[in-house]
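Undergrad: Got a structure for you, written out below as structure tokens; questions coming shortly.
The values are calculated or read from the model by the stated rules, or taken from the named source; none is laboratory data. None of these values were measured; they are calculated from a predicted model. Using ideal geometry, Cβ is built from the backbone for each residue, glycine included, and neighbour counts are taken over all protein chains shown.
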Amino acid sequence: MTIAPETTRIPGPIPTVLQVPEERRESGDVMQINFGPNHPSTHGVLRLIVDLDGEEVVGIEAVIGYLHTGFEKSMEQKTWWKGITYAPRIDYVGYQSNELVYVLAVEKLLQIEVPEKATWMRMLLSELNRLHSHLVFLGTSALELGAISMFWYCFRERDLILDLSEMVTGQRMHTRYFQVGGLAEDIPEGFYAECRKFVEWMPQALDDYLTLLDRNKIWLERTRGVGKLSAADALALSQSGPNLRASGVDWDLRRDQPYLAYDQVDFRVPVYENGDVYDRYRVRMDEMAESTRIVDQCLRRLERMKGRPWIADDRKVVLPPREELHTSMESLIHHFKLVTEGFRVPEGEVYVTIESPRGEQGCYIVSQGGPRPWRVHFRAPSFAALEATAACVNGALVADLIAIVGSLDAVMGDVDR
Amino acid sequence: MTDWSGVPGHVKHAEALGETTVTIERGQIRAACAHARDELGFNVLSGIVATDYLGWGRPGVSGYIGTAEGRDINFPATQGLQTLPELKPARFALSYHLLALGRDPRRVRLQTWLDEGDAVDTVIPIWPGADWYEREMFDMFGIRFEGHPYLVRLLMPEDWEGHPLRKDYPIGGEPVRFSEAE
Amino acid sequence: MPAEELEQHLGLTTLEKAVRWAQSKSMWPDTFGLACCAIEMMAIVSSRYDLARFGMEAFRSSPRQADLLIVSGRVAHKMAAPLRQIYDQMLEPKWVVAMGACASSGGMFNNYTVLQGVDRIVPVDIYVPFCPPRPEALMEGIIRIHEAHLAGIPPAYERRHVAT
């Protein structure tokens, strides 16, 4: 699919910078405003340098890097195991997806087999995390457009999800529950009932949100037809995930390049045609309903797997159970080597992609054969989403700019890494 | 299957762990990408990643106190690697991850090798989304992209010196014990 | 009314104490959410943890209208200058909470780009540990600032002779 130069809205010569046309600049009315790194939109530290002619946006440039944390270099200094702690802090709203993609990449290089229970639990937690991420998106985007009560409704459900996470892993966010080889611990007994209650409650909550927003005239006026991104432009700008599906491209990594056990669950992939803010919101709303269905299916499957192993048996990679340390010399030595030096990953390079709540999250790993990575790179979907800002904002008003940046759902930790 | 030898600048291709890596000559990378997009159907650029192979295969240093390259507690009582990995053709590897999005999804990695000071043609005319990826690789590694309309630092402050992800750039930070109380 | 009876119907205090009481009951935070801690900072405004019972749900976007700066998240060197600018724009009295491990000391990121603790550039009143701190932990930190202020302890810029 090539870009049709006549119909593209991607600005040139720099695709990510909308430049003020000469005739506008000469009219003398253009004002340059700095949407500085600290602004009331809760998207984190994004700086937009915007040229305004009255209310209309005639120039925009996004300046990023205010949250650059040096993840990739830090992970090169630590063992593979410690990288699992670094990973979720990259995309800190969809934290489970970063952990998952990193762990999947390391497991691919190690060629280690993960038990079925771990696969299904990973799927369940990833879908819960997708719900979490979309709830935070909905709460904050609606807050910025003025629908303030949505914030409290969404965060009420978000707290329920974090309760589930805390029950299983002990931590609300940034659980280091996904380990290389499976899960860190077994699933506690009370989890199944609580998760079942959540799954039964969630469709009603989604109905609440739709009631509040979907026929609200102000919401529709502010989101319909705003920030359109055509399918060709979206593909040219490496978009993925809900942003791509809202532009009409039917592509979901869970269905088209399945990982974990996504080929064994039944879910719909919502695709909308217009590529405006409203469609991106609708895609995420529909995805929330589908995620609830996937969680339900995973839960039913997991209830039949109680008592099965949750992590692989390979003692060269996985810590032995603590009881064994008192009786077995080999286990003691393995434990010692794994904790001090870390397991060694065979030489090679691998690139694994998953469907995070923001789009295609990828992890590129190069291993030298030692206990530490040589190179870790995370392909960030929010990075690509922010590149599309200039194309979406072409010809919009200042108020639309807020709606558009919110709908692209970029998390700055993911962008800056 | 796909005829990789028809790609302009093709040096070799290899398959490992279900992934195909096609090595391309540095000067032909733009033609290779155009060929991949137009003839082979790889319509989406998933990412551009650079890797610095300086020091690849060198035995590790044991000990708790760091060397000039930094802290290294992860090689206790060994000399690092049991088998040395094969040497790489140049210092930097630039990998273009491509995706053929559609009915028959495929992925490929086009890889080109360059040394310090070498430049690569930009692929913005093929995929405009490459803009920030190339800027990030310039910022982190110092790889120049010929024809890029706006090659300035992206993540680090504009006046930053040095390219952080290079292997000879120190990790920075500060020693945790006895840090100067300021 | 005789004086003794009158005293039963009045509250007596000094002007200072009254002002401190008012300030601690309406200490408005600034929207300075940087990273993961920002999400937990948003959670304290949510209905379960309800920061509004302390009069603090009004997060002001303009630092000129804010009293409390909750630095929630890792501060890159690029962000350090805007952070100091925001702090300077706030009017006294002002307090700073270093929320999370990254703001307190650089956290797990001991590298070329993360500021190893915001107390290098702004005087901090209270450090809230963990990564990210639970909403209850952040509220405990904020309540301690309230109590300290009510007891008459001056904000950090008067006590710490660093980064003022």
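Undergrad: Can you tell me which residues in the stretch A:340-361 are under 25 Å from the mean Cα position of the chain (by Cα) and over 22 Å from A:Thr16 (Cα atoms)?
TA: Initial filter on the stretch A:340-361 (under 25 Å from the mean Cα position of the chain (by Cα)): A:349-361.
Selection gives A:Glu349, A:Val350, A:Tyr351, A:Val352, A:Thr353, A:Ile354, A:Glu355, A:Ser356, A:Pro357.
Undergrad: Next up: State the number of residues belonging to the stretch A:54-79 that are within 10 Å of another protein chain (Cβ to nearest Cβ) and either within 11 Å of A:Pro373 (Cβ to Cβ) or buried (at least 21 other Cβ atoms within 10 Å of the Cβ) (or both). If you could, list the steps in order and put the result at the bottom.
TA: Kept after step one, since they are within 10 Å of another protein chain (Cβ to nearest Cβ), are these residues of the stretch A:54-79: A:61-74, A:76-79.
After this cut, where a residue has to be either within 11 Å of A:Pro373 (Cβ to Cβ) or buried (at least 21 other Cβ atoms within 10 Å of the Cβ) (or both) as well, the list is A:62, A:64-74, A:76-79.
Counting residues in the stretch A:54-79 that are within 10 Å of another protein chain (Cβ to nearest Cβ) and either within 11 Å of A:Pro373 (Cβ to Cβ) or buried (at least 21 other Cβ atoms within 10 Å of the Cβ) (or both) gives 16.
Undergrad: Sticking with this one: Looking at the stretch C:146-164 only, could you name the residues that are in a helix (DSSP H, G or I) and out of contact with any helix residue (DSSP H, G or I) (no Cβ under 6 Å at 6 or more places or on another chain)?
TA: C:Glu147, C:Ala148, C:Ala156, C:Tyr157, C:Glu158, C:Arg159
Undergrad: How many of the residues in the stretch B:12-26 are buried (at least 16 other Cβ atoms within 10 Å of the Cβ) and without any contact (Cβ under 8 Å) to a residue 40 or more places away in the chain?
TA: Total satisfying the criteria: 1.
Undergrad: Here's a check for you: in the stretch A:170-190, which residue that is within 14 Å of chain C (Cβ to nearest Cβ) and touching a residue at least 12 places away in the same chain (Cβ under 8 Å) is surrounded by the most Cβ atoms within 10 Å (Cβ to Cβ)? Break it down into steps so the answer makes sense when it comes.
TA: Start the filter on the stretch A:170-190 by keeping residues that are within 14 Å of chain C (Cβ to nearest Cβ), which leaves A:170-176.
Going one step further and asking which of them are touching a residue at least 12 places away in the same chain (Cβ under 8 Å), we end up with A:173-176.
Working: A:Met173: 24, A:His174: 21, A:Thr175: 21, A:Arg176: 17.
Here the residue is A:Met173.
Undergrad: Still on this structure: Does any residue of the stretch A:91-99 turn out to be outside any loop (DSSP other than H, G, I, E, B), out of contact with any Phe, Trp or Tyr (no Cβ under 7 Å at 6 or more places or on another chain) and either of a type in the set (Lys, Arg) or surrounded by fewer than 17 Cβ atoms within 10 Å (Cβ to Cβ) (or both)?
TA: No, the stretch A:91-99 has no match at all.
Undergrad: Please count how many residues of the stretch B:39-60 are of a type in the set (Phe, Trp, Tyr) and either surrounded by fewer than 19 Cβ atoms within 10 Å (Cβ to Cβ) or at the interface with chain A (Cβ under 10 Å from one of its Cβ atoms) (or both).
TA: 2
Undergrad: Assuming A:Ala147 fulfils every condition listed in (1) touching a Phe, Trp or Tyr at 6+ places or on another chain (Cβ under 8 Å); (2) within 12 Å of chain C (Cβ to nearest Cβ) apart from one, which condition is it?
TA: A:Ala147 satisfies all of (1) touching a Phe, Trp or Tyr at 6+ places or on another chain (Cβ under 8 Å); (2) within 12 Å of chain C (Cβ to nearest Cβ) except (2).
Undergrad: Would you mind finding the one in A:Arg308, A:Arg304, A:Arg293, A:Arg300 that is within 24 Å of A:Tyr262 (Cβ to Cβ), in contact (Cβ under 8 Å) with a residue 40 or more places away in the chain and either of a type outside the set (S, T, N, Q) or touching a Cys at 6+ places or on another chain (Cβ under 9 Å) (or both)?
TA: Unique residue meeting the criteria: A:Arg308.
Undergrad: If you don't mind, there's one more thing I want to ask. Residues in the stretch A:80-110 that are of a type in the set (A, V, I, L, M), more than 14 Å from chain C (Cβ to nearest Cβ) and within 24 Å of A:Leu128 (Cβ to Cβ): how many?
TA: 6
Undergrad: While we're here: Would a scan of the stretch C:11-30 turn up a residue that is within 21 Å of C:Asp125 (Cα to Cα), under 18 Å from the mean Cα position of the chain (by Cα), of a type in the set (A, V, I, L, M, F, W, C) and at the interface with chain A (Cβ under 10 Å from one of its Cβ atoms)? Explain how you work it out, then say what you get.
TA: Within the stretch C:11-30, the subset within 21 Å of C:Asp125 (Cα to Cα) is C:16-17, C:19-30.
With the extra rule that they be under 18 Å from the mean Cα position of the chain (by Cα), the set shrinks to C:19-30.
Next cut, of a type in the set (A, V, I, L, M, F, W, C) only: C:19, C:21-22, C:27-28.
From the residues that got through so far, the ones that are at the interface with chain A (Cβ under 10 Å from one of its Cβ atoms) too are none.
The answer is no, given that none of the residues of the stretch C:11-30 is within 21 Å of C:Asp125 (Cα to Cα), under 18 Å from the mean Cα position of the chain (by Cα), of a type in the set (A, V, I, L, M, F, W, C) and at the interface with chain A (Cβ under 10 Å from one of its Cβ atoms).
Undergrad: Report yes if A:Asp414 is closer than 23 Å to A:Leu135 by Cβ, modelled with pLDDT of 90 or more, surrounded by 24 or more Cβ atoms within 10 Å (Cβ to Cβ) and among the acidic types (Asp, Glu), otherwise no.
TA: Against the criterion (closer than 23 Å to A:Leu135 by Cβ, modelled with pLDDT of 90 or more, surrounded by 24 or more Cβ atoms within 10 Å (Cβ to Cβ) and among the acidic types (Asp, Glu)), A:Asp414 qualifies.
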